[in-house]
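Notes to accompany the following structure.
Derivation of every value follows stated rules applied to the coordinates shown; laboratory data play no part. No experiment lies behind these values; they were computed from the predicted model shown. Cβ placement follows ideal geometry from the backbone for every residue including glycine, while neighbour counts extend to all protein chains displayed.
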Amino acid sequence: MPPTPRVSSVLASFASGLSWGDVPDDVAHQARRCLIDWMGCTLAGSADAGSRRVQQTAGTLGASAVGTARIVGTSSRTSAPFAALANGFAAHVLDFDDTFNPGDTTVHGSAHLWAALAASSELAPVTGREAVLSFIAGFEVQTRVAVAAGRGQYDAGWHVTGTVGHIGAAVSVARQLRLTQDQTLVAIGTGATQAAGMKVVYGSMGKALHPGKAAMDGLLSAYLARDGFTSSTEPIEGHRGFFHLFSPAPSPEKAVEGLGERWLLTGNGFKPYACGSLTHPATQALLELREQHHLEVADVESVHAFVHDYVLTTTGNPRPQTGLEGKFSIYHVLAVALVDGAALEAQFTDERVSDPSLRDVRALVTVEHDAEQDKDSAHVRVRLRDGRSLDRAVAHNLGTPGAPMTDAQLEGKFLALAAPILSARTSGTHRAPASLTGDRGSGVTALSSGRNRSRSRRARPPATTDRSRSRRSRSPSRSTPPRGPPRWAPPGCCGSAPARCRPGSACR
């Protein structure tokens with residue numbers, strides 16, 4: 001058996017030594033897209049009932065501290081660790097945030113990383129470029145650990161975002177603080193020993209707590225390392241370390257293969273629907289059938305979805321009782337897609353899930369494992385009462401690497417999520433937070449106060465500010481956004497309905 005590579009020290013060396021010139025243009029651009037998506041999801045999530053509870057707790061437990069860090073979407077400040085907790089929670093509570101979703105693992109990579117960086121940047125302000133670089137370091141490390149841990153970690157019942165997220169957040173803040181390799185190794189070990197997150201809490205507020213705690217604990221880990229804390233030198237690969245405890249059959253070499261040459265961030269995806277990512281391929285297929293054939297519920301005898309096995313094991317709840325449970329019920333998601341023509345925030349309230357008419361529609365849905373389907377594909381067959389059958393296959397659902405969102409689509413999503421929150425605090429035209437993605441700025445939560453400078457600037461997608469481009473080439477697939485704010489229209493919607501489609505309001 002070959003010796004186990006020294007994963008922890010190699011990752012610490014990579015993160016602490018990462019410089020702007022090391023990062024290809026498409027990777028830097030993708031990091032900025034992640035920031036845009038994170039801010040939109042966090043602003044919208046800040047108004048959620050679960051977020052209000054976390055904000056209240058943060059205010060209570062952080063009351064004795066100097067309120068140095070913003071809680072996004074509010075006028076409140078609290079201590080940096082509790083701000084990281086509140087913002088990490090809000091970023092994930094709608095289950096609308098970005099998703100790294102290869103075959104053997106799933107990580108919501110931005111929720112905790114940007115939350116930890118936002119809190120740290122208010123303690124020690126950094127440029128936008130430094131924040132982006134720190135995000136990239138944390139993202140690469142956490143996703144590589146997840147890939148190396150493999151399917152066994154996910155199948156055992158761990159929420160991988162919560163486990164590897166502690167490591168990623170610690171690395172991001174360590175890079176932001178410019179810690180040495182040895183200090184970064186301590187941060188990794190301190191984050192890893194706090195790793196947690198059980199899938200049993202899916203469908204409750206507990207799921208969003210995982211990235212909240214990862215942000216909070218990652219921040220703590222990096223600052224402890226800065227101040228002389230100690231930890232294991234092999235926290236990831238060592239005996240009784242992360243791989244040993246969290247995965248029955250890890251492949252440690254995958255954590256370091258191609259490090260600095262093959263960037264996992266380019267495989268990150270963005271969600272068009274506010275529910276579990278595994279439900280998205282079938283949802284898109286049904287919405288497309290609904291639009292193409294002008295389907296009404298009264299026309300439909302049954303809906304049969306052929307899906308990846310994880311869809312049933314993770315989202316197979318046939319009788320959800322709450323809005324949060326509805327996000328992890330493929331039956332509810334397909335029911336609201338058929339009835340409302342949407343799967344956004346309004347489709348996942350407690351009231352919508354308990355609607356008696358929807359229970360009847362959920363009963364029309366049958367879900368079957370199909371070995372031919374991947375996590376981003378599905379086949380849906382709708383049988384009509386007139387005897388016809390309609391089929392639609394989705395090879396790669398929108399937002400995944402096989403069918404990525406354009407910059408204009410991502411900007412439209414941001415505006416749809418952020419505008420209702422910002423309009424309650426400001427007036428004027430809302431624009432994408434371009435000012436957050438350049439080399440200037442005093443912190444990545446500048447938008448959260450509702451007074452950021454981007455209100456006076458023309459809307460544009462995130463764009464690199466590096467003029468040297470010594471190792472870069474502009475991506476030919478990058479889109480140019482329209483001059484006006486684009487309307488957010490997920491697949492199956494013509495775009496004329498409100499972004500937060502209300503039940504029954506979707507267009508025909």
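Observations on the structure shown:
- Among 253-263, 173-183, 407-417, 38-48, the order from most to least packed when residues are scored by Cβ within 10 Å on average: 38-48, 407-417, 173-183, 253-263
- Estimated at 0.36 nm per residue, the fully extended path between ARG383 and ASP182 surpasses their Cα-Cα distance by 66.2 nm.
- Furthest towards positive pole of dipole, VAL336, SER377, GLN292, structure part the range 277-394, Cβ charges: VAL336
- Distance violations [Cα-Cα > 19 Å] among LYS271/LYS375; LYS327/LYS375; LYS375/LYS413; LYS199/LYS327: LYS375/LYS413
- Gained length - THR322 relative to SER357, 0.36 nm times residue gap less alpha-carbon distance: 11.1 nm
- Rounded FRET efficiency, nearest 0.05, which uses the C-beta distance separating ASP391 from ALA298 and R0 of 22 Å: 0.60
- Close amide H partners of GLY269, meaning residues 5 or more places away or on another chain with modelled amide H under 5 Å apart, are THR99, PHE100, ASN101.
- Protection-proxy order for peptides 277-283, 9-15, 313-319, each taking the mean of Cβ atoms within 10 Å per residue, highest first: 277-283, 9-15, 313-319
- In order along the range 133-140, the phi-based Karplus estimate (6.51 cos²θ - 1.76 cosθ + 1.60, θ = phi - 60°) of 3J(HN,Hα) comes to 4, 5, 4, 4, 4, x, 5, 4 Hz; Gly and Pro are listed as x.
- Overall form of the range 277-394 per C-alpha gyration tensor (a/c, 1.5; a/b vs b/c): oblate
- Most tightly packed first, judged by the mean number of other beta-carbon atoms within 10 Å of their residues, the peptides 376-389, 82-95 read 82-95, 376-389.
- ³J(HN,Hα), Karplus 6.51/-1.76/1.60, whole Hz, each residue of the range 317-327, x for Gly, Pro: 6, x, 10, x, 10, 10, x, 5, 5, x, 5
- Residues whose amide H lies under 5 Å from that of VAL365, counting only those 5 or more places away or on a different chain, are VAL303; hydrogens are built 1.01 Å from N in the peptide plane.
- Using the Karplus relation 6.51 cos²θ - 1.76 cosθ + 1.60 with θ = phi - 60°, the per-residue 3J(HN,Hα) values for the range 214-222 come to 4, 5, 4, 6, x, 4, 4, 4, 5 Hz, with x marking Gly and Pro.
- Rounded to 5, percent antiparallel among DSSP beta bridges of the range 277-394: 70
- Cα gyration tensor shape for the range 7-269, rounded if a/c is under 1.5, else prolate or oblate: rounded
- Separation in nanometres of the label points that stand 7 Å from Cα toward Cβ, at ASP309 and GLU253: 2.6
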